[in-house]
1. Among residues belonging to region 263-281 that are among the small types (Gly, Ala, Ser) and assigned to a helix (DSSP H, G or I), point out the one that is nearest to the ligand (Cβ to nearest atom).
2. Name the residues in region 244-262 that are of a type outside the set (D, E, K, R), without any contact (Cβ under 8 Å) to a residue 12 or more places away in the chain and away from the ligand (no atom under 12 Å from the Cβ), would you?
3. Which count do you get for residues in region 166-181 that are out of contact with any helix residue (DSSP H, G or I) (no Cβ under 9 Å at 6 or more places or on another chain) and either assigned to a loop (DSSP other than H, G, I, E, B) or within 17 Å of Tyr76 (Cβ to Cβ) (or both)?
4. Identify the single condition in (1) within 16 Å of the ligand (Cβ to nearest atom); (2) at pLDDT below 95 that Val291 does not satisfy, given that it satisfies every other one.
5. Answer yes or no: is there a residue in region 182-196 that is more than 24 Å from the chain's Cα centre (by Cα) and not aliphatic (A, V, I, L, M).
Amino acid sequence: MATPLAPASSFITRPLALALVLVAAALCRPASCAAAAAAADRITRLPGQPEVSFGQYSGYVGVDGDGGGKRALFYYFVEADAPDPASKPLVLWLNGGPGCSSLGVGAFSENGPFRPSGQVLVKNEYSWNKEANVIYLETPAGVGYSYSADAAYYQGVDDKMTAMDNMVFLQRWLQKFPQYRGRDLYIAGESYAGHYIPQLAEAMVEFNNKEERIFNLKGVALGNPVLEFATDFNSRAEYFWSHGLISDATFRAFTSACNYSRYVAEYYGGALSPLCARVMNRVTRETSRFVDKYDVTLDVFLSSVLSQSKTLSPHEQVGQRVDVCVEDETVRYLNRRDVQAALHARLVGVDKWAVCSSTSCSTCRSRPSTSSDRS
Ligand SMILES: *[C@@H]1O[C@H](CO)[C@@H](O)[C@H](O)[C@H]1NC(C)=O
């Protein structure tokens with residue numbers, strides 16, 4: 001039992017920000033409280049950021065029982081870069097992994113408004129926020145800046161728990177940003193989000209039907225999704241073979257002796273058989289490092305080829321550190337103290353922000369991604 005003194009003494013030791021939130025909670029009425037919570041998350045300006053006219057917000061939403069913040073998910077929200085953002089839909093973007101960051105991959109490497117470049121951010125002219133208000137969510141807890149203060153939580157995380165946390169996040173986020181309640185909502189993402197998104201959508205539809213219609217879910221979009229391990233991974237053999245990257249004999253070995261599903265399961269299960277190792281070595285030798293396996297027809301810079309090849313063949317020693325890529329720039333940028341301060345981000349239980357974490361799905365059947373498969 002807490003003594004009457006306990007709350008007061010711990011109160012003093014907590015950061016000022018929390019004190020302000022508590023004071024606000026004691027004084028304001030619900031509508032203005034929500035506004036105050038959102039205002040506290042407003043980003044004044046990211047270090048090195050060019051001038052823009054859209055609003056940016058980031059911070060935490062507690063997803064544990066009472067939202068007290070023992071387990072909290074970090075989000076980065078960019079309003080639409082349009083004359084009338086209120087006319088644009090709301091999109092929740094999720095990367096996969098499992099365990100990869102929607103902030104580092106989705107926002108800063110793929111479809112967000114900025115890309116890190118050295119000390120500064122440059123505008124991405126293809127940013128999705130030209131058409132939508134986009135939330136990038138680091139999920140589940142343990143990914144990026146998202147955390148569980150209780151590390152035991154990381155032991156049992158599965159897709160179902162992730163879906164529930166994501167739904168609670170959205171529910172509470174809509175309390176923080178009440179002007180987005182009722183807005184057309186889409187969920188989009190790629191790779192392992194092929195698991196996250198349908199499961200989140202299902203939970204939202206169930207909630208709407210059973211409890212209260214709070215999610216105006218209009219649709220989902222899955223890019224290059226992992227849906228079924230056994231079939232999805234094996235498209236790789238046929239793709240390589242039909243594009244002339246591997247011989248007929250290697251194709252046969254890669255489909256009958258050891259297919260890619262089996263290889264992935266063995267590799268990430270820590271028990272790679274000599275047979276699968278032999279088959280993959282052969283595949284890797286024939287496809288070579290100098291083909292971008294995500295797009296075999298693409299012109300690529302050498303550094304990019306090496307980086308992709310490292311990604312797709314985690315067992316292969318490339319023997320060279322690749323640093324000319326947006327992912328490295330992002331890791332550097334998001335580990336700057338001034339950037340973390342501007343984002344209202346904290347590191348809890350880790351020393352560094354990482355693109356992908358390994359704590360995020362202890363019960364997945366196998367681990368389909370490497371640190372930059374960014375699924
Ligand atoms: C892949 O290999 C596994 C194990 O050998 C097998 O059970 C599965 O049916 C194979 N999948 C395909 C698509 O051939």
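The values are calculated or read from the model by the stated rules, or taken from the named source; none is laboratory data. Quick caveat, the model's predicted, so the values are computed rather than measured. Cβ: placed from backbone, ideal geometry, glycine included. Neighbour counts: every protein chain shown.
1. By that ranking, first place goes to Ala265.
2. Gly244, Ala249
3. Number of matching residues: 2.
4. Single failed check for Val291: (1).
5. yes
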